[in-house]
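Written below as structure tokens is the structure these notes are about.
The values are calculated or read from the model by the stated rules, or taken from the named source; none is laboratory data. In this text, all values refer to a predicted model and were calculated from it rather than measured experimentally. Cβ placement follows ideal geometry from the backbone for every residue including glycine, while neighbour counts extend to all protein chains displayed. To get the accessible areas, we keep the full protein, side chains included, count just its heavy atoms, and leave off ligands, DNA and RNA. Shrake-Rupley method; radii C 1.70, N 1.55, O 1.52, S 1.80 Å.
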Amino acid sequence: MFHVFQYQPLRLITQNSLSSMCLKLILSRPVTFAKIWKSWFSSHSLLGKKNIILMGPPGAGKTTTGRIVGQKLGCPVIDIDDDVLETTWNMSVSEKLKDVGYEEFLEEEGKALLKFSASGSVISLSGSNPMHAAGMQHIKRNGIVVYLDVPTRVIMSRLTSRGMDRIVGLSPGVSLKDILQFRKQFYKRWFDIRVLCGGDVAAEVVAEKVLDAVKRYQDSELETFISTRSGRSMEEDSHKLYFSDVVTQGLALDGGLFVPERGLPKFTAEEWQGLIEATYTERAQVILERCIHPADIPASKLAEIIETAYGENFSCSKVAPVRHLAGNQFLLELFHGPTASFKDFALQLVPHLFAYCIPRSCNYLILVATSGDTGSAVLDGFSRLHDTDKQRIAVVNFFPEDGVSPIQKSQMIACQKENAWSVGVKSDFDFCQTAIKQIFTNSDFTGFLTVEYGTALAAANSINWARLLPQIVYHASAYLDLVHQGIISFGSPVDICIPTGNFGNMLAAFYAKMMGIPIRKCICASNENNILTDFVRTGVYDLRGRKLISSFSPAVDILKSSNLERYLHLIANEDGQLVTQLFHQLENQGHFQLRKDLLGKLQQDLVAGWCSDEDCLAAIHSVYSTTGYILDTHTAVAKVVADRLQDRTCPIIISSTAHYSKFAPAILRALRIAEINQNPLSQLHLLSSYSALPPIHWGLLETLKKTGNGDHQVCAADISVLMSHIETLIQNHFM
């Protein structure tokens, strides 16, 4: 019998000890409980008295991998099948299964696990151990569970070649594939760390990946964040910033944007190929697990959040389907969420990440600036939080009162809830965004709110790092879908074309490329507010003399692209001093120019073009006439630019960022259907009355039918007025 070492879950210990510290911490700086216990966790050895517990389906290679890991660590190796079950039963596992049957076998196996104890060992579980809850709770108490995630087709091939005589549950009428799929729910429930294992990966390589994953799990100190305006860690070692911190803080104290100090994780080609047959939610979990340290959000909680975000809130089972348009062009449909735009991918997820990361006893007000689609998406997302979370988390959305489409405006007003409000500002989006940045960096105001009302401010715009991660997922997923559909083989390049305003969606595509997705060129598509096109072509970012032009594609009516700062920080080799200089010059003088070497790097990654309103409407009409498909105005901008800039040597994926019915007046005009009534609901009814058209968005019509919440506040373009609104909302909701 091996010695048992008992310990309590670290996060629970820390939450209890932090409850009295919460207000003190938030007064000094935005900080979360995750930071406090990270240093404690990292001070302990890789194994100590804990076990590394290998879990996975039969045929995953747990036994062989366990022996190699144990040899490398110089510690005992225990195989549950051979060293525990067969020793306890005095017969082989297959004989026991045949003797007692499926149900009784699981119970007997669980009882044997409950009597087993070990410390400082590498343990290889049986494929069916995770199906016994009490047994797994017992063994997990003293170990780190590592899930060897092998594609189902690989497992089936391995087991078929071995005869499959030890597969619990296999019987006439029950296929091997069904058993493997059924068991996944149990593996997902128990693991702490996932290790992706491709079909041809040697056991030695898998063992190294296990050790690397365990080291990462232990040493969260490596996954810190810096500001784009700093070339070093933001604080001294005792005040490092982690994912939990940057989610809640939003904007760095020096006015920069947060980025991972050591960059994004990279996937091997084999790991990506292992996700080809996965569902969207499965891909999302694998990718986000590698981007979010389990010390911030454990894998089991992350899985729960992802399922909540994408399980029932999207009308399409594929969540982000890829549709062939014509020739080598494919559409990535990003409008199947509840508010009909790509913003739903982040904003159905981020509120739950935020609610998990913040201290339980603190209140937060989320500030958002929108050029259109973000508003309704953020209001809808935060209004779906649990009631207890809504009492401590509220959101206010600032939008240009006359700078969004009538339907977008009505949608934002209709999406207001008890913890979510919209405020129209008599200016443009750039003012709204700049005002929020200035409010965040106004320490007098934020300190006053904390002291007077116990409330901190946070951001949910794409300046918040967490907003970018779900966007990386759908760009990667789109490529994998093309491989799965047989359009390309893995490794073949694709181009990406995105209607681009604040540069967040484009940056996410570039991040997907850095993580191993074979994207060749990222094509920025602008409307007549084509400052990004000029910048990509010349290296000069020049706001002087430029006025924002209202267009049929309002979500990209932007002149100051916030996320461009993150991209420039990357290609400048994290030169925070240079980034600070460039953006201070932009703020003070209205322009800056890249060095020649940086422009060369940029032009290797990006190409850019722009589209007039006339060409946008013509593209909508042309595509509908030839295919019966209706593009929204932003997707039409991307289609026009893609037609002009692609070289047709590889597929091009065009991001379809919103449903056409959000822009009914422009669509009616493009299709030359009828006179346009200014009432948004009438516009939708008119669109839906034409049976020849694809159906309008499933949730949009219902949202606009809502009554009783048709009022919203409107304020002047004055930062002090916005601050006054913020204080009033805090008083009304939290006090």
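Calculated accessible area for the range 242-296 comes out at 28 Å² per residue, all protein chains present (probe 1.4 Å; ligands, DNA, RNA ignored).
In terms of its C-alpha gyration tensor, the range 51-218 comes out oblate, because a/c is 1.5 or above while a/b does not outweigh b/c. Indicate the gyration tensor shape class of the range 577-735 (rounded, prolate or oblate), computed on the Cα atoms with a ≥ b ≥ c the square roots of the eigenvalues: a/c under 1.5 is rounded; otherwise a/b larger than b/c is prolate and the rest oblate. It comes out oblate by the Cα gyration axes.
Of the DSSP beta bridges with both residues in the range 51-218, give the percent that are antiparallel, rounding to the nearest 5. In the range 51-218, DSSP labels about 5 percent of beta bridges as antiparallel.
Of the solvent-accessible surface of the range 51-218, computed with a 1.4 Å probe and all protein chains present, 49% belongs to carbon and sulfur. Set against the labelled values (1) 17, 48, 30, 6, 0; (2) 15, 41, 27, 13, 4, 0; (3) 15, 44, 31, 9, 1, 0, P(r) over Cα pairs in 20 Å bins from 0, in percent computed from this structure falls on (1).
Taken per residue, the accessible surface of the range 51-218 reaches 42 Å², heavy atoms only and a 1.4 Å probe. The range 338-398 and the range 580-638 have their alpha-carbon centroids 28 Å apart. A DSSP coil position with no more than 11 other Cβ atoms inside 10 Å describes the following GluC sites (Glu not before Pro) in the range 196-299: 236. A DSSP coil position with no more than 15 other Cβ atoms inside 10 Å describes none of the chymotrypsin sites (Phe, Trp or Tyr not before Pro) in the range 249-294.
The fraction of accessible area contributed by carbon and sulfur in the range 499-634 is 49 percent, rounded to a whole number (1.4 Å probe; ligands and nucleic acids excluded). Electrostatic tally near residue 79: other residues with Cβ closer than 9 Å to its Cβ, Lys and Arg +1, Asp and Glu -1, net -1. Ordered by solvent-accessible area of protein heavy atoms (1.4 Å probe), largest first, the residues 484, 697, 132, 685 come out as 484, 685, 132, 697. Among the listed pairs 343/417; 111/209; 266/437; 111/215, which are separated by more than 26 Å between their Cα atoms? Long pairs (Cα-Cα over 26 Å): 111/209; 266/437; 111/215. For the range 318-472, with all protein chains in place and a probe radius of 1.4 Å, 49% of the accessible heavy-atom surface sits on carbon or sulfur.
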